[in-house]
Every structure is written in C-alpha cells, then in structure tokens.
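See structure below.
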Amino acid sequence: MSDQKTKSTKTEEKANGIPKPTSPNSDLKLDYSSFWNYSDAPESSDKVVIEDTYNHFINGEFVEPEKGRRFASVNPATEEVLSQFAEGTSEDVDKAVKAARKAYKNVWSKMPGRERGKYIFRIARMIQERSRELAIIESMDGGKPIRESRDVDIPLVAAHFFYYAGWADKLEYAFPGRKPEPLGVCGQIIPWNFPMLMLAWKIAPALATGNTVVLKPAETTPLTALRFAEICRDAGLPDGVVNIVTGAGQTGSEIVNHPDVNKVAFTGSTQVGKIIQKSLAGTDKKFTLELGGKGANIIFEDASIDQAVEGVVNAIFFNQGHVCCAGSRLIVQEGISDRFIQKLKDRMETLIVGDPLDKNTDIGAINSKEQYERIKTYLDLGGKEGAVMHQSSCDLPQNGYFCRPTIFTNVSQSNRIVQEEIFGPVLTIQTFRTPDEAVQKANNSPYGLSGGIWTDKGSKIFNTGQQVRAGVMWTNTFNKFDPTSPFGGYKESGVGREGGLHGLYPYVNLV
Ligand code: NAP
Ligand code: MG
C-alpha cells in the first residue's frame, strides 16, 4: 500500500474510556489535535495465492472462454491488477446453461432433499474452513475493510448456506399442504458491494430447492465467486449444478435472455433492473429484483444520542456506504439536531480511512475508479445545490480510490443528493419537528428498501415504523442481517424477497 497517512484518530481518553471534552460546559467540541495514532495492524496476504488468469467454471471444470477474451480486476486500494478473467460471451453462457440443464434433469432435481442438504452443509463448512483466505480476497478485490469481510461478510455467507441446507429436506413443512417443485435453471447476477454474500443469497436457496444455477459475479469483484467454484468442486458437488461465468454487463444480459433459463435473480442498480424487467416481460421466466435504496434513519429527540450516533455511523459508513440498504438520509428531530450533528462530526473524525487489509481500518477503498468518479460528481453537485458539506479531516493514501466520510447539511427534499442513491460514504441530513413530518420525508423517495428509527418509546417505534414504506425497518440499530430474515424492497427498490422462509418462494412452483 502506498504512503499510510491514514492513521491518527482516536479521542484522548480518560481512565474510564470517555473522551475528554475540551470545553468545560459542553461536550460538543473535541480537540482533534490531541488524538493519538494507531500502529499498523496489517492482515498478511502472503499465504493467499492469486493466479494470473482465471477461467469460467462450467460443468465442474475451469474452462477457457470460447472467444479467448479477458478483462482485468484491480485492487482498488492499490490500483494494481490482481488477475485476468474470462469474458463470457453468448457461447460461454450457452455452454453453462446446457451444463446446468443437464445437471438439473439427470441429477439435482431427482436427488432427495436430505442428500442435497448434505452437499450444502459441506459447502458451508468449507467456507468456514477457508474463511480467512476468503475474507482477505474479498478485501483485496473489492476494497472493503478486513474487519468487515472477516467479521460480517464471510460469517454471514457460511450462515446462509447452513440455514438453507437445513431447509433442503424440510420443504414440505415450509409450504404446508402444497408440493414445492424446483423451477429448473436459474440465471443469477450479482453486484460488487457484497460479492460473496450476494452469491450466497442467490445460490443457497436455489440449491436447497433443487434448482441448478449459472451465476455471473460483478466485473470488478469476480475473485471470491471463483474461489467458491473451487469449494463446489472440492465438496464433490455434481458437475453442472453450479456454473460461474465471469464478464461484464453484456454477459449478464446473455444470461437473462437465454431461452432455457427458467428464473432470473438479479441484485444491482434500479437502472439495470428496469432493463431486465423489460426484457423479461412476455416470457414465462420468474424473476426477483433486489435494487437500489436511499434509506432514511429517523432520530427522535428521546433517543439515546450516543448510541444513535454509532448507529448512524454504521448505517452510512459501513462498507464505504456501498450498501443498498444504507441509511444515507438522516432525519433528525430539530431540538437535538445541532448537538447530534456535532457529535456525529466528532465521531467521524475518529474513523480511520485507508488500507482495507489493516485491521484498524474503518473505511476502506471505493470499489472502482468508476464509482469513485460517480461519488465525486455527487460531492460537487451537493455544493451546486446549495448544501453545506463537511468531511472528516483525515489524510488519504496517495494511491487507490478513497473518500473521506462526508455529510451534507442545509439540504432540501428535492435536491438530487437527497433523492438519488450515491452509494458512497455520503450522508444527507434533514430535520423534522413532528413524527408525521419525519414519515413524510422518509417516504418522499422513489426507493423503499430500508429505514431506521431511534427512540426510547416503543409506541413511536410501532407508529412510525408501520408508516414508513420500506422492506426492512431497524429500530435502535442498523444494518443487521440474518439468514432467517427476509430482505427486499418496495417501489423502485425491487420485486420479491430473499432470505428466510420467504426466500424459498422465488425458487419453487407450488403445486
Ligand atoms: P449494476 O451496475 O446494476 O450491476 C449489477 C450486476 O448486473 C453486475 O454483475 C453487472 O455487471 C450486471 N449487469 C450490468 N448491466 C447488465 C444488463 N444489461 N443485463 C444484465 N446484467 C447486467 O449494479 P452495481 O453497480 O454492480 O451494484 C450497485 C447496485 O446494487 C446499487 O444500486 C445497490 O443498491 C444495488 N444492490 C441492491 C441490493 C439489494 O438487495 N436490494 C444489494 C446489493 C446491491 P458488471 O458488474 O460487469 O457491470
Ligand atoms: Mg476488483
């Protein structure tokens, strides 16, 4: 990694661990110059082998791309090329779909659920065994802090496979009185923000219900999907049950439009989701679309303020803000807004931005140059729209794509930075006086994926929570995930649910 100018930043602490305010009559102003530095704590990537080139995984084998074309994936923290990947063409996709069809007909759909479950359990255990390697690769390819890939992404990936492995032999209990039948071949397309977790959300329920899959990871983060292919092979999964075809948007489109695909599962932007939905209109393919979001985090004045500040930090700065359900709009009650914003600024000052492989890092690299430019465009736009921008004062590494944690105040509901998904560590802040106003502002969005409510009062939680049109509402917490819990959106945030019992429905026909 380049020059590590990213350290600094922890509040001076008293013996009891409470940050020492510099002003005797206020806890608002901290003296940033008194912060002390963390030492480097790098996770070693020495043991992780990354090949120069990777091929598609089709019918249980790694195979060269038919047309021989390749593309690179870089490490966004260093801008170095990690490896070259096969670019999937219509020929490659056709081969993968044929392999998946054959495996579906001859093996997987005929196998009893308890046998399918054994394979999925084995995959889950192998993910746990290789969790350190997978976490390091996820951080290198995508830029997310190792603390998150190690403690959040990969454990959740394993948990998803364990959870759906458990359903494989109990499907008749999931749908009492009905007979669930698999659909056939599922085409699955995933984004770059949680590469392996999105793979797990897609593949685990599909396999548990007796379907076979062709999955395309995102162009900027294909590495862990190919490690997963190795795991499938090592687990002895029958050939063709899982096929991974790498490539860009065009490859995804080939999968969506392949005539022998029975179901399309897509996670990505609303823009591409609309294209996919249009192309599926008039076909009998089933589909689920998990799309963008602009989640509102509502803070009432009776909330536990310090806890809520932590929650807001987690809501918008987790994974550099590359989170579909991020709490990217803060809506805070007027009586506490000044105090809250100051506390948030103080907390932002303590966030460490830098090397994703350093265990101290809070905010890693922006996933790609393209996304970095996109975020920068929004930062400029905020200024043009009259908003006031505040960023933490941390230094950034010289190489790689990094963005300081950023908040915008003085914003209007109609501003584009309030309405559009920025997908970076950028928060807009609005205030409200009454609960109705908070609900109105929260719902004034084309999206409806997530939201948060912070208050001491259960009645406010239920009253407000029921009025916000969002698929997931968190109360006094944020960004909590569990395989047993359904996830999905209203409005332009998508169609269908993944996770939990609900996540089985899109993969079965109920007879
Ligand atoms: P994206 O540009 O829509 O891409 C998503 C996937 O679709 C990628 O694999 C992409 O390939 C592929 N793709 C692009 N054009 C396609 C086309 N015409 N037909 C078929 N596939 C196509 O989204 P992204 O930028 O990767 O991901 C960020 C978005 O995902 C955000 O909007 C975020 O909110 C959303 N997201 C939603 C959820 C959820 O559960 N609701 C979860 C995570 C992320 P390339 O990568 O090669 O372009
Ligand atoms: Mg990459």
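The values are calculated or read from the model by the stated rules, or taken from the named source; none is laboratory data. The structure presented is a predicted model; accordingly, all values stated were derived computationally and were not measured. As a convention, Cβ positions derive from the backbone with ideal geometry for all residues, glycine included, and neighbour counts pool all protein chains shown.
Brief remarks on what is shown
- In the set LYS263, LYS274, only one residue is touching a Cys at 6+ places or on another chain (Cβ under 7 Å) and charged (D, E, K, R); that residue is LYS263.
- The numbered conditions (1) assigned by TED's automatic domain parsing to the domain that holds LEU197; (2) closer than 22 Å to GLN307 by Cα; (3) among the acidic types (Asp, Glu) are all true for GLU498 except (2).
- Meets criteria (among the charged types (D, E, K, R) and in contact (Cβ under 8 Å) with a residue 12 or more places away in the chain) for LYS480: no
- With respect to the stated conditions, LYS286 fails to be assigned by TED's automatic domain parsing to the domain that holds LYS95 and within 12 Å of ligand 1 (Cβ to nearest atom).
- Elements of type strands (runs of 3 or more DSSP E) in the stretch 153-248, at least 1 residues being among the small types (Gly, Ala, Ser) and away from ligand 2 (no atom under 16 Å from the Cβ): 185-189
- Residue within the stretch 261-272 that is away from ligand 1 (no atom under 13 Å from the Cβ), among the basic types (Lys, Arg), at pLDDT 95 or above and buried (at least 18 other Cβ atoms within 10 Å of the Cβ) present: yes
- Residue match in the stretch 165-184 (condition: of a type in the set (A, V, I, L, M) and under 19 Å from PHE266 (Cβ atoms)): yes
- Unmet criterion (only one of (1) basic (Lys, Arg); (2) away from ligand 1 (no atom under 15 Å from the Cβ); (3) under 23 Å from the mean Cα position of the chain (by Cα)) for LYS179: (3)
- Any hit, the stretch 402-422, residues being out of contact with any Asp or Glu (no Cβ under 8 Å at 6 or more places or on another chain) and exposed (fewer than 14 other Cβ atoms within 10 Å of the Cβ): yes
- If the condition is being touching a Ser or Thr at 6+ places or on another chain (Cβ under 6 Å) and not in a loop (DSSP other than H, G, I, E, B), then the stretch 390-410 contributes GLN391, PHE408.
- Pairs are defined by a Cβ separation below 8 Å, a sequence spacing of at least 6 or placement on different chains, a first member in the stretch 58-75 that is within 23 Å of LYS102 (Cβ to Cβ), and a second member that is within 14 Å of ligand 2 (Cβ to nearest atom) and of a type in the set (Phe, Trp, Tyr); the pairs so defined are PHE62/TYR54.
- The residue of the stretch 128-138 that is nearest to the chain's Cα centre (by Cα), among those that are of a type in the set (Asp, Glu) and surrounded by fewer than 24 Cβ atoms within 10 Å (Cβ to Cβ), is GLU133.
- Residue within the stretch 347-369 that is farther than 30 Å from SER44 by Cβ and not in a helix (DSSP H, G or I) present: no
- Checking LYS144 against (1) over 16 Å from ILE127 (Cα atoms); (2) within 16 Å of ligand 1 (Cβ to nearest atom); (3) touching a Leu at 6+ places or on another chain (Cβ under 9 Å), the condition it does not meet: (3)
- Where GLU301 falls short, out of the listed (1) more than 16 Å from ligand 2 (Cβ to nearest atom); (2) in contact (Cβ under 8 Å) with a residue 60 or more places away in the chain; (3) in contact with a strand residue (DSSP E or B) (Cβ under 7 Å, 6 or more places away or on another chain); (4) not hydrophobic (A, V, I, L, M, F, W, C): (2)
- When LYS274 is tested against the conditions (1) without any contact (Cβ under 8 Å) to a residue 24 or more places away in the chain; (2) within 16 Å of ligand 2 (Cβ to nearest atom); (3) not β-branched (Val, Ile, Thr), the lone failure is (2).
- For the condition outside any strand (DSSP E or B) and touching a strand residue (DSSP E or B) at 6+ places or on another chain (Cβ under 9 Å), SER459 does not qualify.
- Only one of the numbered conditions (1) in the same structural domain as ASN262 (by TED's automatic domain parsing); (2) touching an Asp or Glu at 6+ places or on another chain (Cβ under 7 Å); (3) of a type outside the set (Gly, Ala, Ser) is violated by ILE146, and that is (1).
- Filtering the stretch 316-337 for residues that are over 26 Å from SER493 (Cβ atoms), within 16 Å of ligand 2 (Cβ to nearest atom), in contact (Cβ under 8 Å) with a residue 60 or more places away in the chain and in a loop (DSSP other than H, G, I, E, B) leaves an empty set.
- Some residue of the stretch 360-369 being β-branched (Val, Ile, Thr) and more than 16 Å from ligand 1 (Cβ to nearest atom): yes
- When residues of the stretch 291-311 are limited to those that are part of a loop (DSSP other than H, G, I, E, B) and of a type in the set (Asp, Glu), the one surrounded by the most Cβ atoms within 10 Å (Cβ to Cβ): GLU301
- Residue among ASP346, ASP355 that alone is modelled with pLDDT of 95 or more and surrounded by fewer than 20 Cβ atoms within 10 Å (Cβ to Cβ): ASP346
Conditions (1) surrounded by 16 or more Cβ atoms within 10 Å (Cβ to Cβ); (2) more than 16 Å from ligand 2 (Cβ to nearest atom); (3) assigned to a helix (DSSP H, G or I), marked per residue:
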site	(1), (2), (3)
SER73	yes, no, no
ALA100	yes, yes, yes
LYS105	no, yes, yes
ILE123	yes, yes, yes
MET126	yes, yes, yes
ASP141	yes, no, yes
